[in-house]
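J.: Quick one: the structure is below, and I'll ask about it shortly.
The values are calculated or read from the model by the stated rules, or taken from the named source; none is laboratory data. As the structure is a prediction and not an experimental result, all values here were calculated from the model. Here the Cβ positions follow ideal geometry from the backbone for every residue, glycine too, while neighbour counts run over all protein chains shown. The accessibility values were calculated without ligands, DNA or RNA, using every heavy atom of the protein model including side chains. Shrake-Rupley method; radii C 1.70, N 1.55, O 1.52, S 1.80 Å.
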Amino acid sequence: RIRYHHSSQGDRDMTYIIVALTVLLNVGANVFLKLGMRDFAGGAGTGAVLHMMKTPSIYMGVFCYGIAFVTYSLMLIRLNVSVAYPMMTGGIALTLAFVSRFWLGESIGVQQVLGIGLVVCGIFLLAR
């Protein structure tokens, strides 16, 4: 079982809400960054930085990451880091794979699906 630092049902519910928010904010940040960099064809130099500085979706991605930092910090109040971090990253991997496939039109191979499945199984084992 997941070891909560608080024991009431309301605290557990709030923990799940915070985890979900953290995952969704991280996924949102990744999507905004992808959309912002989609049309950039240059290398990883000054041109890329200038492109980022004038692209609104990049700012939205950074904003989402900033709020995700806050919600992840709140997760750490409620969960052990050995559970919180894998739970967050696994949730991000699973959700981002779904979003990238069905919203961004990216392909996902069998290896990726198996890897995500292993991550989810690992989270299940950690949470017991």
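J.: Return the pairs, sorted by first residue and then second, in which the second residue is of a type in the set (A, V, I, L, M) and open to solvent by 30 Å² or more (accessible area, probe 1.4 Å), the first residue lies in region 87-115 and is in contact (Cβ under 8 Å) with a residue 24 or more places away in the chain and part of a helix (DSSP H, G or I), the beta carbons are less than 7 Å apart, and the residues are 6+ apart or on different chains.
T.: From region 87-115, the pairs are 87/123; 90/119; 90/120; 90/123; 93/116; 93/119; 94/116; 94/120.
J.: Within region 98-128, track down each residue that is over 18 Å from residue 64 (Cα atoms) and small (Gly, Ala, Ser).
T.: 105, 107, 109, 115, 117, 122, 127 - these are the residues of region 98-128 that are over 18 Å from residue 64 (Cα atoms) and small (Gly, Ala, Ser).
J.: Listed residues 36, 28; which is at pLDDT 90 or above and under 16 Å from the mean Cα position of the chain (by Cα)?
T.: Exactly one residue qualifies, and that residue is 28.
J.: Output the residues belonging to region 77-86 that are surrounded by 13 or more Cβ atoms within 10 Å (Cβ to Cβ) and assigned to a helix (DSSP H, G or I).
T.: Result: 78, 83, 84, 85, 86.
J.: Has region 7-16 got at least one residue that is surrounded by fewer than 13 Cβ atoms within 10 Å (Cβ to Cβ) and at pLDDT 95 or above?
T.: Checked region 7-16: no residue is surrounded by fewer than 13 Cβ atoms within 10 Å (Cβ to Cβ) and at pLDDT 95 or above.
J.: Report yes if residue 96 is at pLDDT 90 or above, closer than 19 Å to residue 124 by Cα, within 12 Å of the chain's Cα centre (by Cα) and surrounded by 13 or more Cβ atoms within 10 Å (Cβ to Cβ), otherwise no.
T.: yes
J.: While we're looking at this one, here's another question. Could you list all residues from region 37-61 that are surrounded by 12 or more Cβ atoms within 10 Å (Cβ to Cβ) and either among the hydrophobic types (A, V, I, L, M, F, W, C) or over 16 Å from residue 104 (Cα atoms) (or both)?
T.: Scanning region 37-61 gives 37, 40, 47, 48, 50, 51, 52, 55, 58, 59, 60.
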